[in-house]
1. Could you check how many residues of segment 14-44 are over 23 Å from Leu62 (Cβ atoms) and either touching a strand residue (DSSP E or B) at 6+ places or on another chain (Cβ under 8 Å) or small (Gly, Ala, Ser) (or both)?
2. Mind checking which residues of segment 181-216 are in a helix (DSSP H, G or I) and within 14 Å of Ala63 (Cβ to Cβ)?
3. What number goes with the only condition from (1) at pLDDT 85 or above; (2) more than 20 Å from the chain's Cα centre (by Cα) that Arg149 does not pass?
4. Go through segment 1-31 and report how many residues are out of contact with any Gly (no Cβ under 6 Å at 6 or more places or on another chain) and either more than 30 Å from Gly175 (Cα to Cα) or in contact (Cβ under 8 Å) with a residue 40 or more places away in the chain (or both).
5. Count, please, the residues in segment 155-191 that happen to be β-branched (Val, Ile, Thr) and at pLDDT below 90.
6. Out of all the residues in segment 63-76, which are of a type in the set (D, E, K, R) and more than 13 Å from the chain's Cα centre (by Cα)?
7. Return the only residue of Asp89, Asp14 being within 30 Å of Glu145 (Cα to Cα), surrounded by fewer than 22 Cβ atoms within 10 Å (Cβ to Cβ) and modelled with pLDDT of 95 or more.
8. Restricted to segment 38-62, and to residues that are more than 14 Å from the chain's Cα centre (by Cα) and modelled with pLDDT of 95 or more, which residue is surrounded by the most Cβ atoms within 10 Å (Cβ to Cβ)?
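The values are calculated or read from the model by the stated rules, or taken from the named source; none is laboratory data. If you're wondering where the values come from, they're calculated on a predicted model, not measured in any experiment. All Cβ positions, glycine included, derive from the backbone under ideal geometry; neighbour counts span all protein chains shown.
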Amino acid sequence: MATAWDDAEHLLLDAADQDLARIGSVTPALLACAGSGLRMIAWLRPFAEGAYHDPLVEVLSLALGLDCDRLMLLSGARLHPLEGEEQGDRYSATPRTPHTQHAPSTPRTPSTPSVRPAVLLHAVDAAAAPPRVRTVLWHVDRDAEPPRRGQREELAGGADSWIGRALWCTATATGLTGARRPRHDPGAVVAQARRVVRLGHDLYVPPDVHLQLLQAASRDPC
């Protein structure tokens, strides 16, 4: 029987394809599981160009409080050629939202590096032994109408990026023991869930998690 984690990539890619068809860009989404059970999906709030750190930390803090050890982040991205690679396929990927504020694009010339749209997936599975990391990129066919995902590319070194390290540290925290293991006060988890929504993230939690949060809120209404 397929679990929520087994279906995670398909679910997020289906949402991304709908975004591409509807608005031509992708809203970043974090899907978080504890073992085989879904704990939350958060669609990140809008952020300025390159300023994805705070929004991601905000939703990862909630995932940490919910003891999630499997995390998957899917986002749109802009691919920038690495220095000296303008004619090749080596790119750095910058996550973005449909509302990302960025400077007007510069008209392309033969000497102007090409910036390409893409869909980017980071996944960390710390329920596995040893933990597994995946980073996958899909180039977006910007000449199609509407834009759609095209070539798929598995990327190495995903855990070396800032996003990869952030996901890794969050997912593997549940496996820590003794004094190193984070202690989560239920009231603090409820407060973080409320904060995530107040900041502008779209948050979904399944009914069992919703019930746990309601019970915790009733014990600590503040």
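1. Qualifying residue count, segment 14-44: 5.
2. If the condition is that a residue be in a helix (DSSP H, G or I) and within 14 Å of Ala63 (Cβ to Cβ), then Ala188, Val189, Gln192, Ala193, Arg195, Val196, Val209, Leu213 are the ones that fit.
3. (2)
4. Going through segment 1-31 one residue at a time, the tally reaches 21.
5. Narrowing segment 155-191 to residues β-branched (Val, Ile, Thr): 163, 170, 172, 174, 177, 189-190.
Next cut, at pLDDT below 90 only: 174, 177.
Result for segment 155-191: 2.
6. The answer is Asp67, Asp69.
7. Asp14
8. Step by step, filter segment 38-62, then rank; the result is Arg39.
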